[in-house]
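Colleague: I'd like to ask some things about the structure below.
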Amino acid sequence: MNEKLLSDLRTGTDSQRRAAAYRLGKSGAPDLVPRLIDAYNDRDPVVRRNVLESLRSIGTDDAMRFIESTEAERQQIFDHVQQTGSVPEAEQLASLPIAEPSPEAVEHFESAMEVLSGAGEDELTDALKLDVASELALAIHRANAPFPRAHALLAMLLNELGDDARAGRHASIALDQDQNEFRAQLVKLDVDLKGVRFVSLRPRHFIALDDTLEGVYFGSIAKSIRSLVVAGHAGITQTGFRSEINRLISIFKNQCKAGVEVGEYLYMADVLIDLGDFARELPFSSGYLDLYAAVANTPVDEINLSDREEEVSAVHRKAKGRSLLFRR
């Protein structure tokens, strides 16, 4: 079992490496410590976070010394920032360990996921959304560390409950903690587009890919945009709309470059195309062409397409076709 996980940790997809880094700690085997320490060089911050959690679970002297050294390094850099106001280079920040939410926070987070997974296929009721939002609020309160996914999910729930002010605030926090949090940016755009709801929370879109904290995709599929009326969209300026759209496109490109999971890629691509269809009907927007072009032209070389090449090809054709159909 450990050999399979070690293989996944070395050469697996993002999801497989995250799961392996998390599950290896459950074995408690001291001989895994050197392999886990090596895996801390992984480009993915979630893998690094799970490596630290596994090392803490194993708890040998070597494991604890390594954890202490990474925490000391992070503290030195943060102290330097506070004293000088000088921000480290992006590469240095990317290499830092991410402080982990507390076990209590994780427990509340998982409780929220359990409620969602038991909700069935029908759209969530407001009462159920409020229950889940309450668990997430507790998770954030007790995290003692950045928790962008919890903030992003809470933003989506608050958005659905019509609390735009709090939804926007939590979306902004999620993006401050993880600038590539796609769903938080989608909520932020939705809040700016006064009164329009792109997201429709359904339990089937909360897909647990593995047992890691980050192995849960907080997803939603855009509603049929064509059924929305244009009235009431004047709450956001053309410049503001284009800025938020460009940020969403940038997140999409960054995720593709980082080798996002193919299912997540397809979700984001579909959202961008649906959003392009919506933006095409706005009286002041030409940004829909950028949305279509992002899907049609962004390379997918870093993504493990597995057996879903045809789906990826289909979404490319759809985006390219719209680009040609509606070009000026």
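Please treat every number below as a calculation from the coordinates, not as lab data. Small disclaimer: the values here were computed from a predicted structure and weren't measured. Cβ atoms come from the backbone with ideal geometry, glycine included; neighbour counts cover every protein chain shown.
Colleague: Within 10 Å of each residue's Cβ, count the other Cβ atoms and sort D307, D8, D126 from fewest upward.
Modeller: Ranked by crowding around the Cβ, least crowded first: D307, D126, D8.
Colleague: Another question about this same structure. Whole-Hz Karplus ³J(HN,Hα) for region 243-255, in order, using 6.51 cos²θ - 1.76 cosθ + 1.60 and θ = phi - 60°, x for Gly and Pro?
Modeller: 4, 5, 4, 4, 5, 4, 5, 4, 4, 4, 5, 5, 5
Colleague: Mind giving me the nanometre distance, one decimal, between the label points for E104 and D62, set 7 Å out from Cα along Cα→Cβ?
Modeller: Each label point is offset 7 Å from its Cα along the Cβ direction, giving 3.4 nm.
Colleague: Further question: Calculate the length of the line joining the C-alpha centroid of region 138-186 to that of region 245-309, in whole Å.
Modeller: Rounded to whole Å, the Cα centres lie 21 Å apart.
Colleague: Return the lysines within reach of K188: Cα separation strictly under 21 angstrom, same-chain partners fewer than 8 residues apart disregarded; answer none if there are no such residues.
Modeller: K129, K223, K253
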